[in-house]
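Structure first, commentary second.
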Amino acid sequence: MKRSFRNITLMLVALLGFSTAFAGNPDRSGQAGAAELLINPWAASAGWGNAGMSKVHGVEAIFGNVAGITSVNKLDMNFTHTSWLVGSGADIRVSSFGVLARVGETSALGLSMMTFSIGEIPITTFENPDPYTLGTFKPNLLNINLAFAKSFSNSISGGFNLKIISESIKDMSGVGVALDAGIQYVTGPFDNVHFGITLKNIGPTMKFSGDGLSFRAFLVQGSQNQFTIVQRADEFELPTQLSIAAAYDFILGETSRLTMAGNFCSNSFTKDQITLGLQYNWKDILMLRAGYTYENGIWAKGGVETSPDCMNFNRGLNAGLSVQAPLSKEENGMKIAVDYAFRDTYNFKGHHSVGVRIIF
């Protein structure tokens, strides 16, 4: 027990030390593009606010810490649907699908996709401001992930994730690439101490192009000749992020486990965040989890609507659960799991995620 408390103390001191070492960069908030890269589309890991990134596994590790995909036995599939900003009238939906496969004794490959359904937006122009005369357009956001990870020993694993980013409307689009890298380390008498480091969204700048950046105009007023004028689109950077996480499992007899986890996230284009979470696991059948994400200004009175100190519409509270059932009597036989997560927000009814996992 003394060793357990000593390990917990070291974890908390490490997280606090990292939080003072990085100060974030809120002055650059809003200057990066492809902000959807920071959204966790998966239900299980979102249920405790990304606190468990040091021990995340399965398809969800492609987003959280790519080193965790090495936990796959044979095959792992995950489909998750998220209702984003419920009650806002925006009708935003996020759909994600991923699959993992083991290749060899120590390596794993993964593929996942995340798409945003933002709905249709009325077309308006300077000459036609009426939103019901020119029809609508539909933005499309698509992220594709290609992941590879390898276990170097029973304690340490690492991996890389290549991201392909696509953003488009009817007459304009932008495509980019980025790279994630992650490491997970497991130690302790029962492999119950976890550490993880992840560097996300490292890549070149993106830029939009297409007919939407051009228009027809007269060079001289009253002239009969029109010219096509092309506007220059500026390049934008990707939202680079560094995460350092730790977790400790309390073994509660032969059937239960309580995990305390923490994650420090340093953002290049907004404020840093600290997340603490708890997860209770009963026989790998029922898992209950909750977490809280704090950043400077999130407790400002009135929230993001009225306070300039608050730069996040999320309140910070996260909660979720998973129910997992074996479909085979074999030890590593087929399993099916259902995940749910809720993320609280200011002024809206939060985000709701529901996922289904099939594990072989």
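Below are the figures for this structure:
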{"read-out": "Subset of segment 120-156 (residues that are within 27 Å of the chain's Cα centre (by Cα) and of a type in the set (Gly, Ala, Ser))", "value": "Ala147, Ala149, Ser151, Ser155"}
{"read-out": "Residue count, segment 136-185 (criterion: part of a strand (DSSP E or B), of a type outside the set (Val, Ile, Thr) and closer than 25 Å to Ile118 by Cα)", "value": "17"}
{"read-out": "Leu238 open to solvent by 10 Å² or more (accessible area, probe 1.4 Å) and either at pLDDT below 90 or touching a strand residue (DSSP E or B) at 6+ places or on another chain (Cβ under 6 Å) (or both)", "value": "no"}
{"read-out": "All helices (runs of 4 or more DSSP H) inside segment 1-119 with 2 or more residues being touching a helix residue (DSSP H, G or I) at 6+ places or on another chain (Cβ under 8 Å) and at pLDDT 90 or above", "value": "43-46, 61-64"}
{"read-out": "Among residues of segment 343-360, those that are in a strand (DSSP E or B), surrounded by fewer than 20 Cβ atoms within 10 Å (Cβ to Cβ) and out of contact with any helix residue (DSSP H, G or I) (no Cβ under 8 Å at 6 or more places or on another chain), counted", "value": "4"}
{"read-out": "Every pair of residues 6+ apart whose Cβ atoms lie under 9 Å, when the first sits in segment 311-336 and is in contact (Cβ under 8 Å) with a residue 24 or more places away in the chain and closer than 30 Å to His351 by Cα while the second is among the acidic types (Asp, Glu) and open to solvent by 60 Å² or more (accessible area, probe 1.4 Å)", "value": "Phe313/Glu305; Gln324/Asp284; Lys335/Asp284"}
{"read-out": "Within segment 73-93, considering residues that are free of Cβ contacts under 8 Å to residues at least 60 places away in the same chain and on the phi < 0 side of the Ramachandran plot, the one most open to solvent (accessible area, probe 1.4 Å)", "value": "Arg93"}
{"read-out": "So Asp249, is it acidic (Asp, Glu), touching a strand residue (DSSP E or B) at 6+ places or on another chain (Cβ under 9 Å) and either assigned to a strand (DSSP E or B) or open to solvent by less than 40 Å² (accessible area, probe 1.4 Å) (or both)", "value": "yes"}
{"read-out": "Some residue of segment 163-171 being touching a residue at least 24 places away in the same chain (Cβ under 8 Å), open to solvent by 30 Å² or more (accessible area, probe 1.4 Å), in contact with an Asp or Glu (Cβ under 6 Å, 6 or more places away or on another chain) and of a type outside the set (Val, Ile, Thr)", "value": "yes"}
{"read-out": "Residue count, segment 275-285 (criterion: part of a strand (DSSP E or B), open to solvent by 60 Å² or more (accessible area, probe 1.4 Å) and not hydroxyl-bearing (Ser, Thr, Tyr))", "value": "3"}
{"read-out": "Selection from segment 180-205 of residues that are open to solvent by less than 40 Å² (accessible area, probe 1.4 Å), farther than 30 Å from Glu167 by Cβ and in contact with a Lys or Arg (Cβ under 9 Å, 6 or more places away or on another chain)", "value": "Gln184, Val186, Gly188, Asn192, His194"}
{"read-out": "Extreme residue, surrounded by the fewest Cβ atoms within 10 Å (Cβ to Cβ), among residues of segment 289-318 that are at pLDDT 85 or above and among the hydroxyl-bearing types (Ser, Thr, Tyr)", "value": "Tyr294"}
{"read-out": "Pair list, Cβ < 8 Å and 6+ apart or interchain, from segment 173-185 residues that are under 23 Å from Phe208 (Cβ atoms) to residues that are modelled with pLDDT of 95 or more and among the basic types (Lys, Arg)", "value": "Val177/Lys163; Ala178/Lys163; Ala178/Lys200; Leu179/Lys163"}
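Rundown of residues vs (1) at pLDDT 95 or above; (2) surrounded by 12 or more Cβ atoms within 10 Å (Cβ to Cβ), yes/no style:
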site: Lys207; (1), (2): no, yes
site: Leu213; (1), (2): no, yes
site: Val220; (1), (2): no, no
site: Ala233; (1), (2): no, yes
site: Leu258; (1), (2): yes, yes
site: Ala261; (1), (2): yes, yes
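The values are calculated or read from the model by the stated rules, or taken from the named source; none is laboratory data. Remember, it's a predicted structure, so these values are computed and weren't measured experimentally. We place every Cβ from the backbone using ideal geometry, glycine too, and count neighbours over all the protein chains shown. Note: areas computed on protein heavy atoms with side chains; ligands, DNA, RNA excluded. Shrake-Rupley method; radii C 1.70, N 1.55, O 1.52, S 1.80 Å.
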